[in-house]
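Asker: What follows is a single structure, and I will ask about it in a moment.
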Amino acid sequence: GGGKAVSSSEDDGIPFACHLSRGPFENPIVTTCGHYFNEKSMMDRIKTLGSTGCPICQKDTHGVMNYPLKLVAKKRRLVGRDGTWEEYFEMSKVGGGGDGAS
């Protein structure tokens, strides 16, 4: 039988944390290649490296950062309209699919 595995939170490709800061999202953005970061983390990286390449796939983002509709929708679905990014981040640990990294 098919159906969705509840525990595997990564199957939608939408992360629970910023890939750069490794912490809860704060003013998250999505790149043109579909990867999610904190706006500040991405801006700092661009400033430091002088490169607009995506930290995950290295595709040039040309500095374009979009509002992460899917990420916000997922957060709302999991922790409610008034849920915080911290609460959303905590959900990743509840899922049981943790890698043990702290």
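The values are calculated or read from the model by the stated rules, or taken from the named source; none is laboratory data. Keep in mind the model is a prediction, meaning the values are calculated, not measured. Note: areas computed on protein heavy atoms with side chains; ligands, DNA, RNA excluded. Shrake-Rupley method; radii C 1.70, N 1.55, O 1.52, S 1.80 Å.
Asker: Can you tell me which residue in the stretch 48-66 is most open to solvent (accessible area, probe 1.4 Å), limited to those that are part of a loop (DSSP other than H, G, I, E, B) and closer than 11 Å to residue 37 by Cα?
Answerer: The first filter runs over the stretch 48-66 and keeps only residues part of a loop (DSSP other than H, G, I, E, B), leaving 50-52, 54-59, 61-65.
Now drop any that are not closer than 11 Å to residue 37 by Cα, which leaves 54-56, 65.
Working: 54: 2, 55: 19, 56: 72, 65: 50 Å².
Filtering first and then ranking leaves 56.
Asker: Residues in the stretch 30-45 that are open to solvent by less than 40 Å² (accessible area, probe 1.4 Å) and part of a helix (DSSP H, G or I): how many?
Answerer: The initial filter retains those residues of the stretch 30-45 that are open to solvent by less than 40 Å² (accessible area, probe 1.4 Å), namely 30-31, 33-34, 36-38, 41-42.
Narrowing further to those that are part of a helix (DSSP H, G or I): 41-42.
Total meeting the criteria: 2.
Asker: Oh, and also: Within the stretch 83-102, which residues are modelled with pLDDT under 95 and in a loop (DSSP other than H, G, I, E, B)?
Answerer: Of everything in the stretch 83-102, those that are modelled with pLDDT under 95 and in a loop (DSSP other than H, G, I, E, B) turn out to be 95, 96, 97, 98, 99, 100, 101, 102.
Asker: Could I ask something else about it? Among the residues of the stretch 33-57, write down those that are of a type in the set (S, T, N, Q) and over 25 Å from residue 89 (Cα atoms). Give the derivation first.
Answerer: Of all residues in the stretch 33-57, those of a type in the set (S, T, N, Q) come to 38, 41, 48, 51-52.
Passing the criteria: 48, 51, 52.
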